Amino acid sequence: MTAMEKRIYYHDTDAGGIVYYGQYLCYLEEARTEFLEQKNLSVALFKERGLGYAVRECHITYKSPARYGDTLICSAKLKKATAVQLVFEQTIHDKKDGHLIVEAEVSLVCLNMEFKPVAIPEDLKEKLTA
């Protein structure tokens, strides 16, 4: 599992100082990117191999609001890797007291440059699951 801190700025919030619900998708994306980077699997590496990945499905549950000035802990854990898909379990917690703000399950699909699903190369899959 990979975890990262995310400080909430004014531009993340609505007029009431509450994080806009769509922003959480960005935080989940950043946590997945950190997960991949820690496995030495950058977006650039996928592109060099003629591959990309895209969100296929996202199930998100909002448990509690975050506010301007909060610091969040955003995590990503690979739940499952299939031939063409990666399934992540993700959470966002408040750093201060640990309460759960968001939980999500996000599925990514591996694509070629024509945006067609393709098998994840075995050497990359080994790095993902190590």
Practice task
Scan segment 36-47 and give yes if some residue there is touching a residue at least 12 places away in the same chain (Cβ under 8 Å), of a type in the set (S, T, N, Q) and part of a loop (DSSP other than H, G, I, E, B), otherwise no.
Solution key: yes
Exercise for the section: Might you let me know whether segment 103-120 holds any residue that is modelled with pLDDT of 95 or more, part of a loop (DSSP other than H, G, I, E, B) and within 20 Å of residue 26 (Cα to Cα)? Expected result: no
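The values are calculated or read from the model by the stated rules, or taken from the named source; none is laboratory data. These figures come from a predicted structure and were not determined experimentally. We place every Cβ from the backbone using ideal geometry, glycine too, and count neighbours over all the protein chains shown.
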